[in-house]
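Structure first, commentary second.
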Amino acid sequence: MKIPVLLDRKKTKAASSGGQVRVLDGVPMLAACVAIAAALYIFGLTGVLSSNIQRYLLKIFLYCTLSSMWNLMSGYTGMTSLGQQTYIGLAGYSLTVMTATYAMSYWVGFLVGAVISTIVSLILAIILFRMRGMYFAVATWVVAEALRTFFTSWKFVKKGAGMTVAARPYPSTSTIYIIALTLCIIALAVVYFLLKSRVGLGLTAMRDDPDAASSVGVDIFKSKLLVYVVSAIFTALAGGIFYLNKGSIYPAGGFGISWTVSMVFIVIIGGIGTMGGPVLGSILYVIFEEQLAKLPGGWTNIVLGLIAILVILFLPDGILGTLQKKLRFEILSQKRFSGE
Amino acid sequence: MGTKLVFSNVSAGYGRIQILSDLSFEVQEGEVFGVIGPNGCGKTTMFNALIGLIIPSKGEIIFDGHNITKMAANARCRLGIGRTYQVPRPFEGMSVFENVLVAAVHGAGHSEKEGRRVALDALKLTGLYDKREVRAGELTLLDRKRLEIARALGTEPKLLLLDEVAAGLTEAEVKDVMKMVADLKAAGYTIIWIEHVIETMVNSTDTLMCMAEGRNLLVGKPLDVMNSKLVEEVYLGVPEDE
């Protein structure tokens, strides 16, 4: 980790009784982020990486996008969704239908997936935002399950048998790697700047107490809508790219709850409500997943579950969250300091 | 100095249960207007009608010359009505400073840069300045009550509604609250203060209203109201043989 090196150069923001929190942001952090991103681009474009490594990395980029969006919803806004797979499934099917049924480019597939997800999220928002907490969570899941059932019996998408992506020419792994990396960078930037904005200030207030937030002037509906729709779009784009890499989709996979399980796992072990948590979580998750794939079927989930339980028991703020608390630093914090 | 707020013949309630009936009173600019009355007489309901959580079925509420009877809650917040909750509801995961900053940015419509100044002023006025970077969830009850007031001040209200901010505090803490209200009055705020702690009502208010069964029973100088036979009867009941 590069953190200790960066710490020395960081400005210190004094806090009278809360101790001192070093915030890692500004120019050094930007430089570090640009350096990492540039390195990942160069590795991808020059073909230094084997296609296996590229596949691992692109999975990390996609999970990072998905879980950052889930973190934005649950960790910062207080909307815990169990149904983000709705948008992954819709995007995956948009991609296959556009490429296989209509013989269009996969870019059209991504675009259609994003547009459909935007429309669906706007409509669902009206219904789902009447519910809070557990009710909201379960309702989002029910929507995804309903879609899964619908797609399983929909002849146009070949029912439960699923469909194959037919992009021509089929992009190479390194092309998909570059697309996924770009999406991931944009997603992280969007989350960061959203949290730093005026709306972002209201989001955390809303997570803690929506009624009190509205009584000090926070527009709850608008803020929730923005977060929900932005999450839906990025989740859809990540889902589209995932299925371009995978090559085929079937309803139980696209609309499966295991997507949410992965996102929750990543955010919990990384650190909910932190910028870096989903990044760290995604790296660990992909490593675990690849290593555990050698185990006999079913064991993967048991071991992942055990890891999650251990982290929740001993590091309730996640790995990065606990480190940040113990060592009193925050990477790209959304916190506002009085500056006095 | 003029009239800040007028309730004229306001009736309101929840569903078919009517709580306020023909409630009328006036609040003058710059005064501390105390409200007492037995439990269930409609004090908090009056606040809810005033900030727009419920809409009266009859009567008018005039604030600063605007008829706000049917206006939406967030629009009233922008006109300058700020409230505190009887049971404090801080944004627990945020720092004290951030709690007030949210109000200054979203409630008063400042940029974050201007809001910072407004928030710090509100924290100084409420005695929370030294705890500005503390997580709100870690505050004591007194400080949570202070934070309720600071957050309401962050929205830059012209009229401040205090709902039992002294309830549950120790005697010394009640003194702190009274000093804070005096400071707020000196700073030019008009305040309506609901409280059961009699000491605060006698010593800190300019005008006192006693409510009973959703009406204005008596309004006047605090001591006159406290010593009146009517008020005594409302609190203690009327002997049956009289």
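Results for (1) on the phi > 0 side of the Ramachandran plot; (2) over 14 Å from the mean Cα position of the chain (by Cα); (3) open to solvent by less than 10 Å² (accessible area, probe 1.4 Å), shown as yes or no for each residue.
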site: B:L128; (1), (2), (3): no, yes, yes
site: B:E133; (1), (2), (3): no, yes, no
site: B:T140; (1), (2), (3): no, yes, no
site: B:K145; (1), (2), (3): no, no, no
site: B:R151; (1), (2), (3): no, no, yes
site: B:L161; (1), (2), (3): no, no, yes
site: B:V165; (1), (2), (3): no, no, yes
site: B:T170; (1), (2), (3): no, yes, no
- Task: Tell me which of these A:P171 doesn't satisfy, since it passes every other one: (1) over 26 Å from A:T260 (Cβ atoms); (2) open to solvent by 70 Å² or more (accessible area, probe 1.4 Å); (3) away from every other protein chain (no Cβ under 14 Å).
- Result: (2)
- Task: Select from the range A:216-248 the residues that are farther than 20 Å from A:Q84 by Cβ, open to solvent by less than 40 Å² (accessible area, probe 1.4 Å) and either out of contact with any Ser or Thr (no Cβ under 7 Å at 6 or more places or on another chain) or within 14 Å of another protein chain (Cβ to nearest Cβ) (or both) and list them in ascending order.
- Result: A:V216, A:G217, A:V218, A:I220
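Starting from residues that are part of a helix (DSSP H, G or I) and at the interface with another protein chain (Cβ under 10 Å from one of its Cβ atoms), keep the ones in the range A:185-199 and report whichever is least open to solvent (accessible area, probe 1.4 Å).
The extreme case among them is A:V199.
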- Total residues in the range B:167-183, condition modelled with pLDDT of 90 or more and either assigned by TED's automatic domain parsing to the domain that holds B:E98 or in contact with a Ser or Thr (Cβ under 8 Å, 6 or more places away or on another chain) (or both): 4
- Task: Report, by residue number, each residue of the range B:122-159 that is in a loop (DSSP other than H, G, I, E, B) and at the interface with chain A (Cβ under 9 Å from one of its Cβ atoms).
- Result: B:R132, B:E133, B:V134, B:T155
- Message: Anything in the range B:67-121 that is assigned to a loop (DSSP other than H, G, I, E, B), over 17 Å from A:D211 (Cβ atoms) and in contact with an Asp or Glu (Cβ under 6 Å, 6 or more places away or on another chain)? List them, or say none.
- Response: B:T69, B:A108
- Could you check, for the range A:314-323, whether at least one of its residues is surrounded by fewer than 20 Cβ atoms within 10 Å (Cβ to Cβ), within 14 Å of chain B (Cβ to nearest Cβ), closer than 30 Å to B:K113 by Cα and modelled with pLDDT under 95? no
- Assuming A:A137 fulfils every condition listed in (1) open to solvent by 30 Å² or more (accessible area, probe 1.4 Å); (2) in contact (Cβ under 8 Å) with a residue 40 or more places away in the chain; (3) within 29 Å of A:G276 (Cα to Cα) apart from one, which condition is it? (1)
- Could you identify the single residue in B:Y189, B:Y235 that is surrounded by fewer than 18 Cβ atoms within 10 Å (Cβ to Cβ) and not polar (S, T, N, Q)? B:Y235
- May I ask you to verify whether A:Y135 is in a helix (DSSP H, G or I) and among the hydroxyl-bearing types (S, T, Y)? yes
- Note on the structure: Picking from A:S81, A:S94, A:S105, A:S67, the residue that is buried (at least 24 other Cβ atoms within 10 Å of the Cβ) and over 17 Å from the mean Cα position of the chain (by Cα) would be A:S94
- Message: Just to verify a result, which residue in the range B:66-76, among those that are farther than 13 Å from B:F47 by Cα and either open to solvent by 40 Å² or more (accessible area, probe 1.4 Å) or in contact (Cβ under 8 Å) with a residue 24 or more places away in the chain (or both), is nearest to the other protein chains (Cβ to nearest Cβ)?
- Response: B:N74
- strands (runs of 3 or more DSSP E) wholly inside the range B:184-242 that include at least 1 residues being at pLDDT 90 or above and over 24 Å from B:K145 (Cβ atoms): B:207-212, B:215-220
- Quick one: which strands (runs of 3 or more DSSP E) sit completely within the range B:2-59 and have at least 1 residues that are within 13 Å of B:C210 (Cα to Cα) and among the aliphatic types (A, V, I, L, M)? B:17-28, B:32-36
- Query: What single numbered condition from (1) in contact with a Gly (Cβ under 9 Å, 6 or more places away or on another chain); (2) under 24 Å from B:L169 (Cα atoms); (3) within 7 Å of chain A (Cβ to nearest Cβ) fails to hold for B:F97?
  - Reply: (1)
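The values are calculated or read from the model by the stated rules, or taken from the named source; none is laboratory data. Given the structure is predicted, the values throughout are model-derived calculations rather than measurements. Every residue, glycine as well, gets a Cβ built from its backbone with ideal geometry; the counts of neighbours run over all protein chains shown. Side chains are part of the model used for accessible areas, which takes the heavy atoms of the whole protein and leaves out ligands, DNA and RNA. Shrake-Rupley method; radii C 1.70, N 1.55, O 1.52, S 1.80 Å.
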